[in-house]
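*Asks:* Below is a structure I'd like to ask you about.
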Amino acid sequence: MPELLLSAAQGLLAPGTLVFLFGGVVVGLVFGVIPGLGGTTALALLLPLTYGMEVGHAFAMAGGIMGAIAMGGSISAILLNAPGTGPSAATCLDGHPLAKQGRAADAIGAVATASPLGGLFGVLTFLIVLPVARDIVLLFGPPEFFLVAVFGIVTVAISASANLLRGLIAGGVGLMLSFVGYDTVHGGIRFTFGSDYLWDGIPLIPSLVGLFGMAEMIRLSIEGGTVAADAGAVRLDGVWSGIRATLKHWKIVIRGSITGTLIGAIPGVGGTVATFIAYSTTKKADRDPQSFGTGRIEGIIAPESANNAKDSGALMPTLAFGIPGSAEMAVFLGILMLHGMQPGPTIFAEHQQDIYGLILAITLSAVLASVIGISFVRWLAAITLVKGQILAPVVIAVSLVGVYAINLEPGDMVLASVIGVLGYLMLRFDYPRLPLVIALILGETAERGFQQSMMIGQGSWSIFFQSTTSIVLVALIVLSLCWSFVPYLRHRLAEREPTEAS
Amino acid sequence: MNRFDDKELRRSLLPSVATLFFVVAYLVAGYMTLDETTRYVPLMTGAVTFILLVIDIIRVIVRGGAQSGSWVVEGGGVNVPESRGREFAAVLLVAAGVGAIYLLGFIVAIPLYLFASIAFLGQQSIRVAAIVALLTSLVIYLVFEVMLDYQLFRGMLFA
């Protein structure tokens with residue numbers, strides 16, 4: 001293996017290949033920054049271009065895009081609360097409050113460090129796990145998929161709001177919306193009310209752009225001022241403080257990276273879920289979970305570590321079985337096939353050096369994207385000083401064009417604006433938006449897993465207790481729900497003590 | 001005093017009651033229009049959400065609006081302006097912008113939307129609004145149409 005890795009590194013560092021890698025990084029950063037575009041769109045546009053390229057060049061460019069997307073997406077998440085990509089949405093939660101406090105540079109510094117570290121961890125895990133990847137992926141069947149989806153919704157509902165009930169209600173509404181469109185199990189059309197547009201369900205990217213980006217911009221245009229509440233307090237020299245904070249919280253980096261790699265490897269669950277779960281677990285493990293959402297640097301480090309680690313995780317099922325772990329990987333599968341590479345266990349024997357080249361390209365591009373991000377931090381952070389009355393309509397306009405550009409579908413733009421208003425109302429009336437998003441993403445996986453499990457178990461719920469993996473997942477769900485009552489009980493006890501003492 | 005005379009309580013109840021109406025409509029539509037196999041999971045989810053909403057409404061009524069934490073929001077909340085007109089105007093401008101894009105397309109509607117938002121809602125000078133509107137539209141055109149080769153939507157009237 002070391003010889004092959006060395007040889008792959010030499011191939012990647014050849015001047016010709018480096019040009020393609022750098023090109024991929026720039027494309028990845030641009031597509032990441034523009035809300036609504038993202039890795040899938042960038043790779044889809046690249047797909048036909050790679051036809052005439054050497055495999056090494058095509059992989060360098062694809063790896064460059066995959067590694068840089070996370071950085072680009074997180075920059076707009078921090079500065080504008082408009083996640084450039086789905087997985088960057090979790091970075092909004094604490095990244096944007098930091099930008100509002102004038103500490104956008106700290107947040108970007110943390111992203112620039114956590115992101116490549118997560119990527120590096122993911123790559124190392126990929127190399128170690130590769131021999132047993134098949135066994136791990138096969139641990140997940142329909143009951144486990146259903147339980148992973150439920151676990152994701154429950155953990156986010158618990159951690160997203162101080163009000164568990166409203167978190168669960170938002171999750172319920174998100175699930176209900178996810179059932180709109182074609183029923184993949186039984187084949188019926190649901191809740192479309194005659195609209196062809198809704199046949200494919202409520203699309204995710206317009207929903208994310210609306211719920212986070214547009215809602216925030218509507219708020220900014222109403223409140224006025226700048227993104228950074230106190231323009232005089234904006235620090236443009238906080239990058240090193242962000243880098244130091246990330247290195248100090250190395251345990252969070254490792255935890256986030258493990259979450260990213262594991263969830264990324266589960267086909268159909270995706271990077272957005274991985275970053276939100278990484279955020280939730282870090283929040284729950286913290287001594288002061290209530291302070292998350294107000295600008296905690298740990299709330300950026302966790303999802304960002306998961307964000308880049310997930311790519312290596314998602315590569316496992318993509319390469320080993322041809323089952324893409326995400327939409328991005330589905331497009332990447334197309335690039336593989338375009339170059340005559342058939343995914344499956346034999347790919348590692350036949351194209352080992354190319355695979356290592358790709359892995360190294362993803363890692364190197366994450367580092368390159370971070371260097372570029374840090375270099376331009378002064379200019380990027382200055383966005384937070386632009387007047388909200390000017391910034392908000394400009395971001396809304398760019399978001400609408402970006403959302404339209406995904407499928408060239410005007411309906412996406414209308415949907416994003418409707419969900420944007422809904423997001424503003426949720427913000428206004430204390431309904432957490434995260435459980436709604438996570439349920440919208442996981443609804444289809446949950447329903448498919450549930451229906452298929454019921455078919456396998458002939459209608460018996462005992463199917464969810466038949467494997468060790470599902471028993472562990474059930475235990476985690478129950479524990480999460482019970483754990484959420486601990487702060488409430490503590491509060492009640494604390495209230496009672498003074499009464500009894502008096 | 002009647003409990004429902006409390007303005008804070010009514011405001012706290014509003015979103016839960018509105019969501020409850022949505023959930024009831026969803027349940028009725030699901031029951032009436034879908035067959036037994038496809039409606040099972042959606043109706044089960046709707047029923048659970050309905051129960052959670054009823055508990056939330058009871059909780060708000062029992063505790064009272066002010067104590068229910070309704071105005072403490074994620075990410076710092078919204079500094080609600082004294083006049084609701086600004087809120088309505090912001091939402092209406094987005095709706096008008098999307099409507100204009102739908103009818104006239106991006107190239108015509110984006111500068112109009114930006115100019116109206118910056119000059120009227122943002123209360124900036126006409127010159128600033130015009131410069132930002134034109135520059136942003138130019139950048140959007142260059143990035144999406146010229147560089148990325150997307151065909152921007154021309155609108156229902158010009159398509």
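The values are calculated or read from the model by the stated rules, or taken from the named source; none is laboratory data. Because the structure is a prediction, the values reported are computed rather than measured. Note that we place each Cβ from the backbone using ideal geometry, even for glycine, and neighbour counts take in every protein chain shown. These accessible areas exclude ligands, DNA and RNA; they are computed on the full protein's heavy atoms, side chains included. Shrake-Rupley method; radii C 1.70, N 1.55, O 1.52, S 1.80 Å.
*Asks:* Using alpha carbons only, how many angstrom separate the centre of the stretch A:262-315 from the centre of the stretch A:96-146?
*Replies:* Cα centres, the stretch A:262-315 to the stretch A:96-146: 7 Å.
*Asks:* Per 5 Å bin, what is the whole-percent P(r) computed from every C-alpha pair distance within the stretch B:84-147?
*Replies:* 4, 19, 24, 24, 18, 8, 2, 1, 0
*Asks:* Leaving out ligands, DNA and RNA, what percent of the accessible area of the stretch A:2-496 is carbon and sulfur, probe 1.4 Å? The partial results should precede the final answer.
*Replies:* Working: 11910 of 17460 Å².
That share works out to 68 percent.
*Asks:* Please state the shape class of chain A: rounded when a/c is under 1.5, otherwise prolate if a/b exceeds b/c and oblate if not, all from the C-alpha gyration tensor. Before the final figure, lay out each step's value.
*Replies:* On the way: a/c = 1.37, a/b = 1.12, b/c = 1.22.
Judged from the Cα gyration tensor, chain A comes out rounded (a/c under 1.5).
*Asks:* Among the listed pairs A:Lys284/B:Lys7; A:Lys283/A:Lys310; A:Lys100/A:Lys283, which are separated by more than 28 Å between their Cα atoms? Mind showing how you got there, number by number?
*Replies:* Numbers: A:Lys284/B:Lys7 35 Å; A:Lys283/A:Lys310 19 Å; A:Lys100/A:Lys283 20 Å.
Among A:Lys284/B:Lys7; A:Lys283/A:Lys310; A:Lys100/A:Lys283, the Cα-Cα distance tops 28 Å for A:Lys284/B:Lys7.
*Asks:* Ok, one more. Please find the FRET efficiency linking A:Thr468 to B:Ser125, where r is the Cβ-Cβ separation and R0 is fixed at 60 Å, and quote it to the nearest 0.05.
*Replies:* Working: r = 67 Å, r/R0 = 1.12.
So, using R0 = 60 Å, E works out to roughly 0.35.
*Asks:* How high is the relative contact order of chain A, in percent, with contacts defined as C-alpha pairs under 8 Å that are six or more residues apart?
*Replies:* Details: 1021 pairs, mean separation 142.2, N = 502.
After rounding, I find 28 percent.
*Asks:* Taking 10 Å² as the minimum loss, tell me which residues in the stretch A:393-409 lose that much accessible area going from the chain by itself to the full protein complex (1.4 Å probe).
*Replies:* At a threshold of 10 Å² (probe 1.4 Å), the residues of the stretch A:393-409 that become less exposed are A:Pro393, A:Val394, A:Ile396, A:Ala397, A:Val398, A:Leu400, A:Val401, A:Tyr404, A:Ala405, A:Leu408.
*Asks:* So how do A:68-77, A:184-193, A:414-423, B:102-111 stack up, highest first, on mean other-Cβ count within 10 Å?
*Replies:* For the peptides A:68-77, A:184-193, A:414-423, B:102-111, the packing ranking is A:68-77, A:414-423, B:102-111, A:184-193.
*Asks:* Hey, what does the equivalent ellipsoid look like for the stretch A:68-176, semi-axes from the Cα gyration tensor as sqrt of 5 times each eigenvalue, largest first, whole Å?
*Replies:* On the way: eigenvalues 157, 121, 21 Å².
The three semi-axes for the stretch A:68-176 are 28, 25, 10 Å.
*Asks:* Please work out how much length the chain gains when fully extended from A:Leu408 to A:Leu5, using 0.36 nm per residue of separation minus the C-alpha to C-alpha distance, in nm with one decimal. Working shown, then result.
*Replies:* Details: separation 403, 0.36 × 403 = 145.08 nm, distance 4.12 nm.
So the chain would gain 141.0 nm between A:Leu408 and A:Leu5.
*Asks:* Looking only at other chains, what is the average number of their beta-carbon atoms within 10 angstrom of each beta-carbon in B:20-26?
*Replies:* Numbers: counts 1, 0, 2, 4, 0, 0, 6.
Partner-chain Cβ atoms within 10 Å, mean over residues of B:20-26: 2.
*Asks:* Give me the accessible area of A:Lys100, 1.4 Å probe, in Å² rounded to the nearest 10.
*Replies:* Roll a 1.4 Å probe over it and A:Lys100 shows about 50 Å².
*Asks:* I've got another one for you. Quick one: accessible area per residue over chain A, 1.4 Å probe, rounded to a whole number of Å²? Each step should come with its number before you reach the end.
*Replies:* Values: 18200 Å² over 502 residues.
That works out to 36 Å² for each residue.
*Asks:* Follow-up. Ordered by packing density, taken as the mean number of other Cβ atoms within 10 Å over each peptide's residues, highest first, how do A:21-31, B:137-147 rank? Present the calculation step by step, with values, prior to reporting the outcome.
*Replies:* Working: A:21-31: 23.6, B:137-147: 15.1.
The most tightly packed comes first, giving A:21-31, B:137-147.
*Asks:* So, one more: Shielding of A:163-173 by partners, i.e. mean partner chain Cβ atoms within 10 Å per residue? Write down the numbers at each step before the final one.
*Replies:* Details: counts 6, 1, 6, 10, 1, 6, 13, 3, 4, 11, 9.
Rounded to a whole number, the mean comes out at 6.
*Asks:* Quantify, in whole percent, the carbon and sulfur part of the accessible surface of the stretch B:3-63 (1.4 Å probe; protein heavy atoms only). If you can, show how the numbers build up before the last one.
*Replies:* Values: 2450 of 3420 Å².
That share works out to 72 percent.
*Asks:* Highest mean first, how do B:117-125, A:58-66 rank when packing is the count of other Cβ atoms within 10 Å averaged over residues? Let's see the in-between values first.
*Replies:* Details: B:117-125: 18.6, A:58-66: 29.8.
Order by mean packing, descending: A:58-66, B:117-125.
*Asks:* Right, something else. Given a 1.4 Å probe and no ligands, DNA or RNA in the count, how much accessible surface is buried by A and B, both sides, to the nearest 100 Å²? Could the numbers behind the result be given before it?
*Replies:* Details: alone 21050 and 11730 Å², together 27100 Å².
About 5700 Å² of accessible surface is lost on pairing.
*Asks:* From the helices alone, meaning DSSP H stretches of at least four residues, give me the mean residue ellipticity at 222 nm for chain A, per-run term -39500 (n - 2.57), in deg cm²/dmol to the nearest 500. Show your work: numbers first, answer last.
*Replies:* Numbers: 23 runs with 363 residues, N = 502.
For chain A, the value works out to -24000 deg cm²/dmol.
*Asks:* What is the average number of partner chain Cβ atoms found within 10 Å of a Cβ in B:129-138? List each step's numbers first, then the result.
*Replies:* Details: counts 3, 0, 0, 5, 3, 0, 1, 7, 2, 0.
Rounded to a whole number, the mean comes out at 2.
*Asks:* A follow-up question, please. If Lys and Arg each add +1 and Asp and Glu each add -1, what is the summed charge of the other residues whose beta carbon sits under 12 Å from the beta carbon of A:Glu447?
*Replies:* Numbers: positive: A:Arg190, A:Arg448, B:Arg39; negative: A:Asp183, A:Glu444.
With Lys, Arg at +1 and Asp, Glu at -1, the neighbours total +1.
*Asks:* Give me the mean projected area, in nm² to one decimal, of the convex hull enclosing the Cα positions of the stretch B:3-63.
*Replies:* Working: hull surface 16.6 nm².
Mean orientational projected area (the stretch B:3-63, Cα hull): 4.2 nm².
*Asks:* I'd like the carbon and sulfur percentage of the solvent accessible area for the stretch B:84-147, probe radius 1.4 Å, heavy atoms only, ligands and nucleic acids excluded.
*Replies:* 79
*Asks:* Taking the Cα centre as origin and putting +1 on Lys and Arg beta-carbons and -1 on Asp and Glu beta-carbons, what dipole magnitude results for the stretch B:3-63, to the nearest 20 debye? Intermediate values should be presented prior to the final figure.
*Replies:* Details: 7 positive and 6 negative charges, 59 e Å.
Here the stretch B:3-63 has a charge dipole of around 280 debye.
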